[in-house]
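Chemist: Got a structure here, written out as structure tokens. Questions coming.
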Amino acid sequence: MESEKTRAIRFMFGHHLAFFYYRDRVWVRGLLEKIFSKEPLQERLSSASWEGYISASLYQDLFNELKSRYSDAIQRKENDKTQQQYFADPGEALASHIALAFLHFKDFTFTSDLFVKFWNEKNSKRHEAFVSFIGRHVITRQTPEQWFLDNHQEVKNKLIQLWDWILSNVQDPDIYGAFEFWINTKVFEPVWLADHLERSLKITSGHLDWDIGLMDSLNELAQSAPGKTLEILNLYLLDGQRSGNNRWFIQIPRIKEILRMLYG
């Protein structure tokens, strides 16, 4: 391994690490310091190994084994000026792994060291990717309720607590825009969802890039929380338009129907 100096092969070391780890944990543990070396002269090769690992599936045993590497990655700044090409954006891939840990590992909570460190590090891009990934991974799927049953039902409460936690601790508008993938009345109780969506849209000045979830949920939101829904439409159609939203024009018939219901 020490003689391997190509980033492509070192990428493969990280990408297929789980395959070898679950066949001989003792042997792989002895190699981790070399695969993810912290030596300055090895940084270029180590980063390739990490890129390979972070772009692969997440496994709890390996996650626990590599917590110090995750901690280092959270502290590491991405260089936007580099011409380096990546298999997966390192910041977004890291956010996805942290999000998967939050979703699937019961002992990964709001007080876990990596969760705290991830959110304490000021990096809007990663935080937005974290929120967006959860929405796309769970909430926008065709049968999200089945996913909760197949995994663990209490994760829904964890997501409810997460939105509350972010509203209490984070004021970055970009992060709230990522909740566009969380708008689903099949997952969240409509009155609760309307309240959280209204509060989030106030922070984003009504901005949403992806409004399919909102449009699909409008009828139930309007029936359950008419006042909040009217304010949501006010924020999205008026404030959002001023900030660059213009895709809602194709939804005019549906919006007119909802407004008739609300004003009726």
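Chemist: Need the failing condition index for residue 245 against (1) surrounded by 22 or more Cβ atoms within 10 Å (Cβ to Cβ); (2) modelled with pLDDT under 95, just the number.
Modeler: So residue 245 meets the others, but not (1).
Chemist: Mind listing whichever residues of segment 38-75 are in a helix (DSSP H, G or I), aliphatic (A, V, I, L, M) and open to solvent by less than 70 Å² (accessible area, probe 1.4 Å)?
Modeler: 45, 48, 54, 62, 73, 74
Chemist: Then there's this: If we keep just the residues of segment 99-111 that are under 15 Å from residue 169 (Cβ atoms) and not aromatic (Phe, Trp, Tyr), which is surrounded by the most Cβ atoms within 10 Å (Cβ to Cβ)?
Modeler: Going through the qualifying residues, I end up with 109.
Chemist: Okay, moving on. I'm checking my understanding of the structure. Among residues of segment 133-145 that are over 10 Å from the mean Cα position of the chain (by Cα), open to solvent by 10 Å² or more (accessible area, probe 1.4 Å) and touching a residue at least 40 places away in the same chain (Cβ under 8 Å), which one is nearest to residue 163 (Cα to Cα)?
Modeler: 140
Chemist: Restricting to segment 99-132, give me the number of residues that are more than 15 Å from residue 155 (Cα to Cα) and either assigned to a helix (DSSP H, G or I) or in contact (Cβ under 8 Å) with a residue 60 or more places away in the chain (or both).
Modeler: 16
Chemist: Something else now. Would you confirm whether or not segment 30-37 contains a residue that is modelled with pLDDT under 90, among the acidic types (Asp, Glu) and over 30 Å from residue 153 (Cα atoms)?
Modeler: No; the residues of segment 30-37 include none that is modelled with pLDDT under 90, among the acidic types (Asp, Glu) and over 30 Å from residue 153 (Cα atoms).
Chemist: So, one more: Filter segment 20-37 down to the residues that are touching a Phe, Trp or Tyr at 6+ places or on another chain (Cβ under 9 Å), in a loop (DSSP other than H, G, I, E, B) and open to solvent by less than 70 Å² (accessible area, probe 1.4 Å) and list them by number.
Modeler: Within segment 20-37, 31, 36 meet the criteria.
Chemist: Can you confirm whether residue 55 is within 25 Å of residue 208 (Cα to Cα) and either among the small types (Gly, Ala, Ser) or in contact with a strand residue (DSSP E or B) (Cβ under 8 Å, 6 or more places away or on another chain) (or both)?
Modeler: Here the answer is no, as residue 55 does not meet what is asked.
Chemist: What number goes with the only condition from (1) crowded, with 20+ Cβ neighbours inside 10 Å; (2) modelled with pLDDT under 95; (3) of a type in the set (Val, Ile, Thr) that residue 82 does not pass?
Modeler: It fails just one condition, (1).
Chemist: Of the residues 96, 168, 124, which single one is among the polar types (S, T, N, Q), open to solvent by 10 Å² or more (accessible area, probe 1.4 Å) and in contact with an Asp or Glu (Cβ under 8 Å, 6 or more places away or on another chain)?
Modeler: When all the criteria are applied, what remains is 124.
The values are calculated or read from the model by the stated rules, or taken from the named source; none is laboratory data. What you are looking at is a predicted structure, and each value in this text was computed from that prediction instead of being measured. FYI the Cβ positions are ideal-geometry reconstructions off the backbone, even for glycines, and counts take in every protein chain you see. Note: areas computed on protein heavy atoms with side chains; ligands, DNA, RNA excluded. Shrake-Rupley method; radii C 1.70, N 1.55, O 1.52, S 1.80 Å.
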